[in-house]
There are 2 protein chains.
Amino acid sequence: MTLAEKAYVSLRKDIVEGSFAPESPLRLADLSERYGMGFSPLREALNRLQAERLVTAESLRGFRVSSRSLAEFEDALNARLLIETEALRLSIARGDDAWEASVVAALYALRRQARREDGDVDELKTRHHAFHRALLAACGSDWLMDFFERLYAATERYRIPALTAAGPQKRDIDAEHGAIADAVLSRDAALAEQLLRDHYLRTAATIRSGMAAA
Amino acid sequence: MTLAEKAYVSLRKDIVEGSFAPESPLRLADLSERYGMGFSPLREALNRLQAERLVTAESLRGFRVSSRSLAEFEDALNARLLIETEALRLSIARGDDAWEASVVAALYALRRQARREDGDVDELKTRHHAFHRALLAACGSDWLMDFFERLYAATERYRIPALTAAGPQKRDIDAEHGAIADAVLSRDAALAEQLLRDHYLRTAATIRSGMAAA
DNA sequence: AATTCGATAATTTTCGAAAATCTGACATGG
DNA sequence: CCATGTCAGATTTTCGAAAATTATCGAATT
């Protein structure tokens, strides 16, 4: 892996996880010291992240972490619902046995990690992402999967700070995931879409109250 | 405008218009000579284009123009239908008087340019793009507009070579645009969606036969 | 007191060269 | 004849410094 790719992965992670505050400037000198590399690979990474809307750039004034607002969250969430319900429908229509197996496997891996008391939070997030990706993976559209990844990263930026602010949850997220998987495996597209939609709307409600609290 | 931004605009145009063949390597030395700048701004532009899927990159093996295939075109077209019908629906529901006026203006400008015998093809394409953007512009979603721009560029790569190969058209595209605008201005969302869908499906049919001929 | 101007510092942007890596040809051994 | 290793050339990637631009601060002016 080249330095530029490492810079891209690290920066993306740090932005999504909130290590850099929204709107804070991303100065090359600071980043260079933080990640131990020159300007070139950093600029490459920043340009890619700009195209993904995680950072903004102004000519000759450098880069900043993109702003965060309730309106932008709502926008990203609505786009997600549009993209993911369509992708899920396609996936259910087109997925084969191997796809079903991958959904089962992803759910299993997610649950296993969720039940570990000593669990690594990073690993849990990775598996959560993997489960949601597995649901859509058979949709057959590179563009929809691309949009899914973008929107997932964009909304993930809100999930983390909001959830800590909102306190303990009353939801049984594990059960929601299980219900979605069941509907998918029985190829009930309408039910699966409805459950996925509800799943996101519930998360959105939590995040809204979390942002209001923060 | 910085050199990197110029490089981005130029490269994007040259790729979309087909000045570089799909899959052809984009060597830094060549590009440096062609555009009269060093490697740094070119790499920045290429990285942004990579995030937009117009170019692909392989570690330590440089950049290539993304491939072109009927399957990828169909994928982009279907994504476009999903995104644009939704954006159009929202636009019709939310657009105000100023938006209506901008649609009328964009259609007028497009028609004016289309009727000029000595017309600049570049200008016509710009206005065509502007008209379709104006239709959706009141949707209120940055993400949907972002996806629209990406998909427009992706499909534009197919429109140009296919149309020249397919020969003269029997369609009255001007009338199709007019009908869409009429439906939009009368706020008939269902009709507008249907007309937009038909408009794209007809273009898609032309492109399919054009690709088959080529 | 507020504003403008100029000099200095900080920062981004760009270049040119060095380092790292890949490609293809050629020789060598099985 | 085929496989394998090696070397030179081509290409990408990275660095460090130079160039260009913006930001900051104090003095002069209104």
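Where a number appears in this text, it was derived from the coordinates with a stated rule and is not lab data. Source: prediction; values computed, not measured. Because the Cβ atoms are built from the backbone with ideal geometry, glycine has one as well, and the counts that use them run over all protein chains shown.
So the label point sits 7 Å from Cα along the Cα-to-Cβ vector; using that for A:Leu70, what distances do you get to the other copies, in nanometres, sorted shortest first?
Distances to the matching label points in the other copies: 5.1 nm.
Report the FRET efficiency, 1/(1 + (r/R0)^6), for A:Glu74 and B:Ala205, where r is their Cβ-Cβ distance and R0 is 35 Å, rounded to 0.05. Before the final figure, lay out the partial values.
Numbers: r = 37 Å, r/R0 = 1.06.
Calculated value: 0.40.
Hey, how many Å between the Cα centroid of segment B:190-214 and the Cα centroid of segment A:167-199?
Cα centroid of segment B:190-214 versus Cα centroid of segment A:167-199: 36 Å apart.
If the only charges are +1 at each Lys and Arg Cβ and -1 at each Asp and Glu Cβ, what is the size of the charge dipole of the protein assembly as shown around the Cα centre, to the nearest 20 debye?
460
Need the list of lysines near A:Lys6 for cross-linking: C-alpha distance under 24 angstrom, and skip anything on the same chain fewer than eight residues off.
A:Lys125
What does the copy distance list look like for B:Glu58, label position 7 Å along Cα→Cβ, in nm and ordered from shortest?
Listed shortest first, these distances are 4.1 nm.
Once amide H atoms are built 1.01 Å from N in the peptide plane, which residues 5 or more positions from A:Leu26, or in another chain, come under 5 Å H to H?
Hits under the 5 Å cutoff: A:Phe63, A:Arg64, A:Val65.
Would you mind classifying segment B:107-210 by shape? Square roots of the alpha carbon gyration tensor eigenvalues, ordered a ≥ b ≥ c; an a/c under 1.5 is rounded, otherwise it is prolate if a/b is larger than b/c and oblate if not.
On the way: a/c = 1.42, a/b = 1.31, b/c = 1.08.
It is rounded, given that a/c, with a ≥ b ≥ c, falls under 1.5.
Using the alpha-carbon centroid of each, what span in Å lies between segment B:1-63 and segment A:70-96?
32
Report the one residue of B:Gly95, B:Leu185, B:Ala105 whose Cα lies farthest in the direction of the positive end of the charge dipole of the protein assembly as shown (charges on C-beta: Lys and Arg +1, Asp and Glu -1; origin at the Cα centre).
With unit charges placed on the Cβ atoms, the residue in question is B:Ala105.
Cut-off 10 angstrom, C-alpha nodes, Gaussian network model of chain B. Which of B:Thr126, B:Thr85, B:Thr203 fluctuates the most?
B:Thr126
Which value, in debye to the nearest 20, describes the size of the charge dipole of chain B about its Cα centre when Lys and Arg Cβ atoms bear +1, Asp and Glu Cβ atoms bear -1, and nothing else is charged?
Taking the Cα centre of chain B as origin, the dipole is about 440 debye.
Please find, in a Gaussian network model of chain B (springs between Cα atoms separated by less than 10 Å), the residue of B:Arg197, B:Arg157, B:Arg112 whose mean-square fluctuation is greatest.
B:Arg112
What's the minimum Cβ distance from chain B to the axis relating it to A, in whole Å, and which residue gives it?
Taking Cβ atoms only, the nearest residue and its distance are B:Ala51, 2.
Between B:Ser59 and A:Ser40, take the C-beta separation as r, use R0 = 22 Å, and let me know the FRET efficiency to the nearest 0.05.
E(calc), rounded to 0.05, equals 0.90.
In nm, what does the list of distances from B:Ala114 to its counterparts in the other copies look like, shortest first, when each label sits 7 Å along Cα to Cβ?
Copy-to-copy label distances for B:Ala114: 5.3 nm.
So, R0 is 51 Å and r is the distance between the beta-carbons of A:Ala101 and B:Asp97; what FRET efficiency does that work out to, to 0.05?
Rounded to the nearest 0.05, the efficiency is 0.40.
Pick out which of B:Ala79, B:Ala98, B:Ala153 has the largest mean-square fluctuation in a Gaussian network model of chain B, springs linking Cα atoms closer than 10 Å.
Highest fluctuation of the listed residues: B:Ala98.
Once you charge only the Cβ atoms, +1 for Lys and Arg and -1 for Asp and Glu, what is the size of the charge dipole of segment A:21-78 about its Cα centre, to the nearest 20 debye?
It comes to approximately 220 debye.
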